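The structure appears below as structure tokens.
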Amino acid sequence: MSPDGKASQSGSAAVEAQRVTKIFGGGDDQVVALDDVSVQIGENEFFTLLGPSGCGKTTLLRLIAGFEHPTDGRILLGGEDISPLPPFQRPVNTVFQNYALFPHMTVGGNIGFGLEMLNKSKQEVDDAVTEMLRLVRMEELRNRRTSQLSGGQQQRVALARALAPKPRVLLLDEPLSALDLKLRKEMQIELKRLQNETGITFVFVTHDQEEALTMSDRIAVMKEGAILQIGAPRDIYDHPSDRFVAHFIGETNFLEAELLERKNGAAKVKFPSGAVLPASLPDAPISPGKVSVVVRPEHSRIATTKKDAVLSGTLENVVYFGTDTHFHFRLNDGAQFIVRMQNARDSGDDFTPGQELGIAVEADAVQVLRD
Amino acid sequence: MADAVTQVDTPVRGASSPSPKGRGFDVKRLPGFATVAWMCLLVLYAPMLVLVLFSVNDNRSVTIWTKFSWRWYEEVINNEGIQHATVLSLKVAVVAMVVATAVATMAALATTRTRAYRGLPVVYGIINQPLMVPEIVTAVATLSFFALIKQATGVTGLGYLILAHTVFCIPFAYMPIRARLEDMDLTLEQASADLYATPWRTFRRVTFPLLLPGIFAGAMLAFVISLDDVVISLLVAGPGESTLPIYIIGQLRRGVTPEMNAVSTIFLAVSILLVTFFFVLARARK
């Protein structure tokens, strides 16, 4: 685990997990949901916990909300330890996966509930509800029962309800997973807008890598109760430090190469073909010798000159995708390699399976993995 | 399976067409199924029909029909013994219903809204005990237990009967309340806590309002069960504490009169009304 430390740019973090461990059950049935996890989430940040189911992302969210308590470690909110506090004493609100709207209350009643529980005056509650309804563009539905709403509308009410008390941090537990694709895309943009307008820190849990890349300021990729990598979407995508991260996010090519002795910090790797290219290193110490590297399909192209060709192989398959085309290669050493090239008006489809071709790789496209 | 049948109705009825995949065995198509079903219904409901019919018969005999008349209902209304027994039955049933429902609600919360603990199945068993122990055993046990107390303290009165009714009504009130709690989405209560509601306010504003249909259903069931009870009441009731069923049994010893038919019909109507209400509530807002 190696958080990259970029979080503490703004002084004290909005939320911080310090060496948090969470174990469910006891004896032989013991399950370690989180294993010594530390992370700092900054003010106004859209922070995403990304990982497959069972990776501990929801557990971390529930620890911040207060529905679970850490077995070990601390949860800090604005520098204060909130680990012992029950959920109703934490200035943190949650948007639940199934929305959990109160079925016996109107839309307005749901949205005003938090402020009412904070003993705000009726006037204040009413004003806040009006403001929230405007924010999520649902003014005309104030007196509806929540059962009369569509999925997308319920989603907005859940958001408005969680935002109304102006929490320090908003927690979102896979809130878009129940929506259809089109609505999900709309809500992604909507969420980003709400975050900008309210200036509240969002902690977003998802297993959808595309959703994470689209919305987040930073992403933490999790697996089996640990954070593998934290970084901006572009960092994570272009420079995955781990095989799992590289595999989980986007499509990628794995290659074997040899890391050469470093000269003045710049790392270079040598491919079996003999070509030597500059490479980015993960933030873990790594010694020269055999390494795994990744190259994104769109960071490579079919070489037009002999000089460009870093790799070479046989073209096995050409798959046309409209905006781009995927070229599946079998490299000379037996590995598979995919080249993705954007389709331009003048790009000829003059490559046919069976051809022996060279593959060029963009500068800075080679990323060395930790393992 | 029944659903599938109603959905695809007509084409399936003709048994000649090969049944679609996954349909399998259908009880409804067994030979004689309809006959047996009608026989069962007849045996169940024919006696009641006869009862109702002869309650509006002018003749003193309950086997010979003469003409329609409300006279037995008038006699029921003017019968002081029936009046007294009805008031007593209602008194006992109302108190037993209120107390049993309150206890059952708390028991249901304690068995569904806590972390599972060792011995929870035993708790279920204890709460549901009156459903499993033969009623006569409970009745005899209660009788001798109360006799012991009466002897020790000298206190007598209707309290004993009410207490006995309350106790055996608890499991009946408990069942629908617990079912409702188990159906309820736990994240609603979490959402409430997340929105700054203390546990008590979460109960008052979220759990309780959503539980109300279950509580009403439980209360209704407890009321009917108490009103209906014979065995325990027969043994526990003191002198002059005849509930309506006990009174009816007492009268029947002297022979069946149309008056009894009339009381029973009223009783039946009230029970059907309450049970219908119970089902409506149990299905409400599901």
For residue A:167, only one of the following conditions fails: (1) modelled with pLDDT of 90 or more; (2) not in a loop (DSSP other than H, G, I, E, B). What is its number?
(2)
So, in region B:241-264, how many residues would count as being among the β-branched types (Val, Ile, Thr) and within 14 Å of residue B:86 (Cβ to Cβ)?
4
Number of positions in region A:195-214 that are surrounded by fewer than 21 Cβ atoms within 10 Å (Cβ to Cβ), under 12 Å from the mean Cα position of the chain (by Cα) and part of a helix (DSSP H, G or I):
4
Can you find a residue that is surrounded by 22 or more Cβ atoms within 10 Å (Cβ to Cβ) and within 20 Å of the chain's Cα centre (by Cα) anywhere in region B:244-252?
yes
Please determine, by comparing only the residues of region A:172-194 that are touching a Phe, Trp or Tyr at 6+ places or on another chain (Cβ under 8 Å) and outside any loop (DSSP other than H, G, I, E, B), which one is most open to solvent (accessible area, probe 1.4 Å).
A:192
Which residue out of B:264, B:233 is small (Gly, Ala, Ser), over 17 Å from residue B:176 (Cβ atoms) and either part of a loop (DSSP other than H, G, I, E, B) or open to solvent by less than 20 Å² (accessible area, probe 1.4 Å) (or both)?
B:233
Would you be able to tell me the number of residues in region A:287-313 that are within 22 Å of residue A:236 (Cα to Cα) and touching a Ser or Thr at 6+ places or on another chain (Cβ under 9 Å)?
4
So which residues in region B:177-192 are assigned to a helix (DSSP H, G or I) and either outside the structural domain of residue B:102 (by TED's automatic domain parsing) or open to solvent by 20 Å² or more (accessible area, probe 1.4 Å) (or both)?
B:178, B:179, B:180, B:182, B:183, B:186, B:187, B:189, B:190
Looking at region B:95-102, is at least one residue surrounded by fewer than 17 Cβ atoms within 10 Å (Cβ to Cβ) and assigned to a helix (DSSP H, G or I)?
yes
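Go through region A:288-332 and report how many residues are in a loop (DSSP other than H, G, I, E, B), modelled with pLDDT under 90 and touching a Phe, Trp or Tyr at 6+ places or on another chain (Cβ under 9 Å).
Qualifying residue count for the region: 1.
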One residue is enough: does region A:73-92 have a residue meeting the conditions over 21 Å from residue A:25 (Cβ atoms) and polar (S, T, N, Q)?
yes
If you go through region A:68-93 one residue at a time, how many are in a loop (DSSP other than H, G, I, E, B) and more than 13 Å from every other protein chain (Cβ to nearest Cβ)?
7
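Kindly check whether there is at least one residue in region A:45-66 that is part of a loop (DSSP other than H, G, I, E, B) and within 14 Å of another protein chain (Cβ to nearest Cβ).
yes
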When residues of region A:148-167 are limited to those that are within 13 Å of chain B (Cβ to nearest Cβ) and basic (Lys, Arg), the one surrounded by the fewest Cβ atoms within 10 Å (Cβ to Cβ)
A:166
Could you check, for region A:77-86, whether at least one of its residues is over 21 Å from the mean Cα position of the chain (by Cα), open to solvent by 40 Å² or more (accessible area, probe 1.4 Å) and under 20 Å from residue A:218 (Cβ atoms)?
yes
Would it be correct to say that residue B:218 is buried (at least 23 other Cβ atoms within 10 Å of the Cβ) and either basic (Lys, Arg) or away from chain A (no Cβ under 14 Å) (or both)?
yes
Which of the residues that make up region A:220-233 are among the hydrophobic types (A, V, I, L, M, F, W, C) and under 24 Å from residue A:23 (Cα atoms)?
A:220, A:221, A:222, A:226, A:227, A:228, A:230
Identify all residues within region A:307-342 that are of a type in the set (Phe, Trp, Tyr) and either under 18 Å from residue A:365 (Cα atoms) or more than 26 Å from the chain's Cα centre (by Cα) (or both); write none if there are none.
A:320, A:327, A:329, A:337
Please name all residue pairs, on different chains or six or more residues apart, with Cβ atoms under 7 Å, provided the first residue is in region A:349-371 and is touching a residue at least 40 places away in the same chain (Cβ under 8 Å) and closer than 17 Å to residue A:316 by Cα and the second residue is in a loop (DSSP other than H, G, I, E, B) and open to solvent by 80 Å² or more (accessible area, probe 1.4 Å).
A:358/A:306
Filtering region B:123-151 down to residues that are within 29 Å of residue B:213 (Cβ to Cβ), without any contact (Cβ under 8 Å) to a residue 12 or more places away in the chain and of a type in the set (A, V, I, L, M), which residue is surrounded by the most Cβ atoms within 10 Å (Cβ to Cβ)?
B:126
Six or more apart or on different chains, Cβ under 7 Å: which pairs go from a residue in region A:94-105 that's within 7 Å of chain B (Cβ to nearest Cβ) to one that's buried (at least 21 other Cβ atoms within 10 Å of the Cβ) and part of a strand (DSSP E or B)? Could you list them?
A:94/A:171; A:94/A:173; A:96/A:173
From the options A:262, A:234, residue that is closer than 25 Å to residue A:326 by Cα and surrounded by fewer than 22 Cβ atoms within 10 Å (Cβ to Cβ)
A:234
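Against the definition (of a type in the set (A, V, I, L, M), surrounded by fewer than 22 Cβ atoms within 10 Å (Cβ to Cβ) and within 13 Å of chain B (Cβ to nearest Cβ)), how does residue A:138 come out, yes or no?
On the way: of a type in the set (A, V, I, L, M): yes; surrounded by fewer than 22 Cβ atoms within 10 Å (Cβ to Cβ): yes; within 13 Å of chain B (Cβ to nearest Cβ): no.
In short, no.
The values are calculated or read from the model by the stated rules, or taken from the named source; none is laboratory data. No experiment lies behind these values; they were computed from the predicted model shown. In this analysis, Cβ positions are derived from the backbone assuming ideal geometry, glycine residues included, and neighbour counts consider all displayed protein chains. Ligands, DNA and RNA are stripped out before the accessible areas are found, and what is left, the full protein with its side chains, is counted by its heavy atoms. Shrake-Rupley method; radii C 1.70, N 1.55, O 1.52, S 1.80 Å.
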